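Worksheet for the structure shown next.
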Amino acid sequence: MDCIFCSIIAGEIPSTKVWEDDYCYAFRDINPQAKDHVVIVPRAHIESADKIYAGNSVYVSKIFEAIPKIAAALNLENGYRIITNIGEHGCQSVKHLHFHLLGGEQLPEKIV
Ligand code: 5GP
Ligand code: ZN
């Protein structure tokens, strides 16, 4: 399967690691949209948040357990934003589930 994020997880494409555990891998986005912009991906190839079900939802819960630890490691005590884009209308460009963590500075106006 040709997936950029699977290749990053496998170490075939270099990345700047921020966090890793048995369920997820987090690295700095190549095109940062904030001072700290981290992409958090499950170690399993899941297309998007639209493909979560009882058999794979552990990856999502484990990612959300990791998020406070990643935020603490980055000293984001003043807050941050988590975003996941889904499909064409959601402007998802990489079809491997990922959560953007944005912070490190005052973020621009929110959409919702
Ligand atoms: P999406 O648009 O799918 O929500 O987000 C995909 C993100 O992956 C984008 O923010 C993009 O900059 C990032 N990205 C794409 N390819 C690479 C890569 O090879 N390395 C890193 N570090 N980030 C990437
Ligand atoms: Zn993948």
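The values are calculated or read from the model by the stated rules, or taken from the named source; none is laboratory data. Everything numeric in this text was worked out from a predicted model, so none of it was measured. Cβ sites come from the backbone with ideal geometry, for glycine too, and all protein chains shown count toward neighbours. All accessible areas refer to the heavy atoms of the entire protein, side chains included, with ligands and DNA or RNA removed. Shrake-Rupley method; radii C 1.70, N 1.55, O 1.52, S 1.80 Å.
Among the aspartates and glutamates, which have Cα under 14 Å from the Cα of residue 62 when same-chain residues fewer than 8 positions away are ignored?
20, 21, 22
Pull the list of the chain cysteines that no other Cys approaches to under 4.7 Å, Cβ to Cβ.
If one checks each Cβ against the other cysteines of the chain, 24, 91 turn up with nothing under 4.7 Å.
Which angle between 0 and 90 degrees, to the nearest 10, do you get for helix 57-73 versus the longest principal axis of the chain when only C-alpha atoms count?
30
Treat each spin label as a single point 7 Å out from the Cα along the C-beta direction, and report the residue 85 to residue 3 distance in nm.
1.8
At 222 nm, what value in deg cm²/dmol follows for the chain if DSSP H runs of at least 4 each add -39500 (n - 2.57) and the sum is divided by all its residues, to the nearest 500?
-6500 deg cm²/dmol
Please list log₁₀ I(q)/I(0) at q = 0.21 Å⁻¹ for the chain, using the Debye equation with identical point scatterers on the alpha-carbon positions.
Calculated log10 I(q)/I(0) at the listed q: -1.26.
Using the per-residue mean of other Cβ atoms lying within 10 Å as a proxy for protection, in what order, highest first, do the peptides 66-72, 105-111, 6-12 fall?
So the peptides 66-72, 105-111, 6-12, ranked by packing, come out 66-72, 6-12, 105-111.
Per residue, what accessible area does the chain have, given a 1.4 Å probe and all protein chains present, in Å²? Write down the numbers at each step before the final one.
On the way: 6990 Å² over 112 residues.
So the chain comes to 62 Å² accessible per residue, rounded to a whole number.
In the chain, carbon and sulfur make up what percent of the accessible area (probe 1.4 Å)?
Within the chain, the accessible surface is 51 percent carbon and sulfur.
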